[in-house]
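> Below: one structure in C-alpha cells.
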Amino acid sequence: MLTRFGRKFGVQSKFLALVLFASLASLLLTGFVSFGIARHLLTEAGYNQLIGLRNARAEAVQDYFRKLDDHVLTMSEAQMTVTAVKEFSPAYSQLPDINPAQRKELEEFYLKDFLPKLKKNISGDPRLPTYFPPSAPARYLKYHYVSSNPHRSRPAHLDDAGDGSQWSTIHRKFHPRFRRIAERYGYQDILLVDIKTGDVVYSVANEIDLGTNLLNGPFSDSAAAQVFREVKKSRDPLFITQSDLEHYKPGLGVPTRFAGTTVFDGDNFIGALLFQLDYRALDRTMTSNRRWSDVGLGKTGETYLVGRDSLLRSSPRGFLENPGDFLKLLRKRGYPAERIAQIETSGTPLLIQEVRTEGVRRALEGKTGTAAYVDYRGVPVIGAYQPIRLGPFQWVLLAEIDQAELFAGVQHLARVLLLVGALLIPLLTLLALTLARSFVRPIRRLMSATDEVAAGHTDVQVSVTSEDEFGELSTSFNKMADQLASRERSIQSQLAENDRLLLSILPAKTAERLKRGEKTIADSHPSVTVLFAEIDGLNVLSQQSAPENTIVLLNELIGAFDEAAERLGMEKLRSVGSSYLAVCGLTVPRVDHERRALDFGLEMLRITARLNQKRSVALALAVGIHSGSVSAGVVGSSRFYYDVWGETITIARAIGAGAPQDVILVSEPVVVALSGLYAFDRMSPVTVKGQGELPVWQVKPPPQAPANAAEGDGAGAEPSPSLSMDGTSS
C-alpha cells in the first residue's frame, strides 16, 4: 500500500520522510552541544578552582617564609643567642687537639660511618683528606660530640660530653634551650658561627658540620657557607637571607635549606645565626598536611614547587601517597635508572625528579596562567602556574589535576546521552526506514544501473514503474544508455582501425607504450644487426614500363621481402624507392641477430633472382650488413613514425651503397660473430663518412641454401667450409 501511495506522489512529497532523519540529527546535535557545554563549564570551573588553590598555596608559602624570617630575626635579637655567641666563640678557640689514639678513632668514624653513608647519597667518591677536620678545635668537638656521642640515633640529646672543657660547660648551659626551640619549630639544626673566623662554634644537631669552617673548610661550597657569606657581608641587624634547596653533605645528602641572620652585641657584629630547615615543613604547607581531598584537589590534584633548574622543590602527591607505585611509573616512562636509585636511597625525589612541562616552561618565562598539558608522569592534566619569588631565588608553583578526573562528570553525561540515543534511534529509524523504502528503491535501481554503465556495460535498461520524477528519470536514463551503447560500438570499431594503422607504423611494444600516454619514447639498443639493400635496375624498369606495372612488380618484390623478414625474425624499418632497411634484435632481443640478418640477405638475393626469372626483368640487389648499437624511438607528434639512428645505420647504409650487384658485404663485427658458419672473402675497404675506410667482406652463399633457411628458430642450411678473414680456407 505504501508503494502505491508513493507512485502517485512526487519526489517532493517523499522528502517528508526525511523529517525523521532531521529528528535524529537534532537529537545528536543536542547531545553534542550539551556535551561541549558541560565540558567547557567543567574546564572553566576546574581552572578557576586551580587558580584559587594556586593563589592560596602561593600565599601560604610566602607566609611560611615571612614567619620564618620573623622567627629568625627574633632569635638573633634574643639575649640568649647573643650571650651564647659571646661565650662559645672564645671557648671554641681554646679547645686543645685530640691525642693520636683519639685521632685514629675519629678517622675510623669517618672511614666506616660518615663517608660510606655520604657516598650513597651523592655522586663521586668522597675521600678522608677532603672531609677530615683540619683544625684542632674542630677535631676535638667532632671526637667528643659526634664520633663518641653515646646518643648515636639522637645526637642532639648529648648535653655534656664530660670532657671537662669550658666549651662543654657552656654547651650544658645553652644546649637544652636551643634543642627545645629546634624541636618545637621543626628546625633540623641551629648553628652559631663566629663572624670573624667562620667557625661553627655551636650546633644543635651535633652533626659533622659542628666545628667546621664555612670559609675554607670541607663544606665551604655548601648552602650554609653561602648563607654565611651573605650574612658576613651585611652590617644590618635586621638582615636575613635564605638559600635554595641543596643536597647538604653534612646531612648525608638530605635536601636542605638554610636561613641566616646577623648577631650583634650592641653595635658589635659578633656572629651569624643559621637555621637548617626541614624540607618536610614546606611539604606540609604545599599539601595541607596531605589533606588534598579536603581542599578540593580530589583524587589526583596536587600543588608542588619546581626550581629554575626544573627540579622538584616540594614532594609530589604520588610519591607521598605510594612511593613504590611512583617509582614504578617512573620506570615505565623510561626515567634514568640511576636517578630512580637515587630517589630510593635518599627517600625523596626533591632535587632529583625533573619536571619539564608546559606549565613549568611558561612560569619560568615569568608568565602566570592556566593550560592543558601532559605532566611529569605522562598524564594529561589541566594546570594553573605562576612564578613565585622567595627571597633571593625564584621557584615555580603549580596546581594540577588529571583531566580524566575533571571530566568524569562529562563522561557520565556522555554515557547518559548515548543511552537515550540508543533507545530513541531504533524507534525513529524503524519509522524512517518504513517511509523511505519506496523513496530509496528507484534510487538504488538507478545507482545499480549507473554502476553497470561505469563498468562498461552500456546495454542496461532500468525498469521503474512509478509515475513521479523517478519514472521520468528512468526513461531518460534508458535513452542515454541506448545512445552510449551505440557510441561505444562506433568507438570500438574506430579503435580497432586505429590499432591496425598504428601497428603498421610502429612495433607492437612501441605502439602499446604510445597508447599508454608516453610522450617521449626513445631507447638505446647496444647490440643489433642492420641490413641495408639497394635495388638496382628499378629506375630503368620504370622508364621502360608503365607506372602501374612498375608498382605491381615493386609491391610483389617488397611483399616477398617483408614475408621473409617476418619469417626470419627481422624487423623492417622502411622501404623507400629502391632501398630497403631492416634490423634484427631491436624490439625483440636475439642472441643470433647477426646470423638472422645474413640469412635474410641471402633470402633477398634468391627472391630477386626468382622474380627476374618470373617477370623477365633484370633487377639486381646490393646488400650491406653491420652490427653495433643504435638508438630508436618515435619521431613527430601529430604525424609520427618509428626511426632508428646511429653510426651503425650509417655504416650499414655505406656498405650497402658500395656493394656490387647481387653481393652481400658485411663488416668486421659480423665476420667475427659468424666466423666458422659462413665463408667470407676480403674485399676492398668501403669509405664511410666520418669513419674513414672500413674493411668489408663478401659473403659466399652456401651451395643449395634452402628458401626457408632460418625459419622457426632461425636454423639455416649446413654452411660451407668457412674462409678466414683474409680469404683463405679454414
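The values are calculated or read from the model by the stated rules, or taken from the named source; none is laboratory data. Owing to the predicted nature of the structure, the values given are computational and were not obtained by experimental measurement. Please note: Cβ atoms are built from the backbone with ideal geometry, for glycine as well, and neighbour counts cover all protein chains shown. Surface areas here come from the heavy atoms of the whole protein model, side chains and all, with no ligands, DNA or RNA. Shrake-Rupley method; radii C 1.70, N 1.55, O 1.52, S 1.80 Å.
> Can you give me the accessible area per residue for the stretch 183-296, using a 1.4 Å probe, in Å²?
36 Å²
> Note the full-extension length gain between ASN268 and ALA609 as 0.36 nm times their separation in residues minus their Cα-Cα distance, in nm to one decimal.
108.7 nm
> When the chain is fully extended, how far beyond the present Cα-Cα distance does LYS117 get from SER631, taking 0.36 nm per residue of separation?
176.5 nm
> Pop out the ³J(HN,Hα) list for the stretch 234-246 in order, Karplus 6.51 cos²θ - 1.76 cosθ + 1.60 with θ = phi - 60°, rounded to Hz; leave Gly and Pro as x.
8, 10, 9, x, 9, 5, 8, 9, 9, 9, 6, 6, 8
> In bins 5 Å wide, starting from 0, what share of all Cα pairs of the stretch 571-615 does each bin hold, as a percent?
5, 19, 22, 23, 17, 8, 4, 1
> Kindly sort THR475, THR608 by accessible area of their heavy atoms, largest first, with the probe set to 1.4 Å.
THR475, THR608
> Run the numbers for LYS479 and VAL374: contour at 0.36 nm per residue of separation, minus the present Cα-Cα distance, in nm.
Contour length minus the Cα-Cα distance gives 31.4 nm.
> If you don't mind, there's one more thing I want to ask. Does anything in the stretch 52-70 have its amide N under 19 Å from the 7 Å Cα→Cβ label point of SER234, and if so which residues?
In the stretch 52-70, the label zone of SER234 (backbone N under 19 Å from the point 7 Å along Cα→Cβ) covers 62-70.
> Kindly provide the GluC sites (Glu not before Pro) of the stretch 312-375 that DSSP labels as loop, not H, G, I, E or B, and whose Cβ sees at most 16 other Cβ atoms within 10 Å.
Answer in residue order: GLU365.
> For the pair THR74 and LEU215, what calculated FRET efficiency results from E = 1/(1 + (r/R0)^6), where r is the Cβ-Cβ distance and R0 = 22 Å, to the nearest 0.05?
So the FRET efficiency works out to roughly 0.25.
> Which order do you get for ARG574, ARG127 if you rank them by accessible area with a 1.4 Å probe, largest at the top?
ARG127, ARG574
> Spin-label point model (7 Å from Cα, Cβ direction): what's the LYS104 to THR345 distance in nm?
My value for the distance between the label points is 3.1 nm.
> Take the Cβ-Cβ distance between GLU354 and ALA657 as r, set R0 to 60 Å, and report the resulting FRET efficiency rounded to the nearest 0.05.
0.10
> Measuring from the lowest to the highest alpha carbon on each principal axis, how far does the stretch 148-275 reach, largest first, in angstroms?
Rounded to whole Å, the extents work out to 38, 35, 30 Å.
> Where does the stretch 61-160 land on Rg(C-alpha)/(2.2 N^0.38 Å)?
Output field value: 1.39.
> When the accessible area of the stretch 521-622 is split by element with a 1.4 Å probe, what percent falls to carbon and sulfur?
52 percent
> Can I ask one more? Ignoring ligands, DNA and RNA, how do THR429, THR368 rank by accessible area with a 1.4 Å probe, largest first?
THR368, THR429
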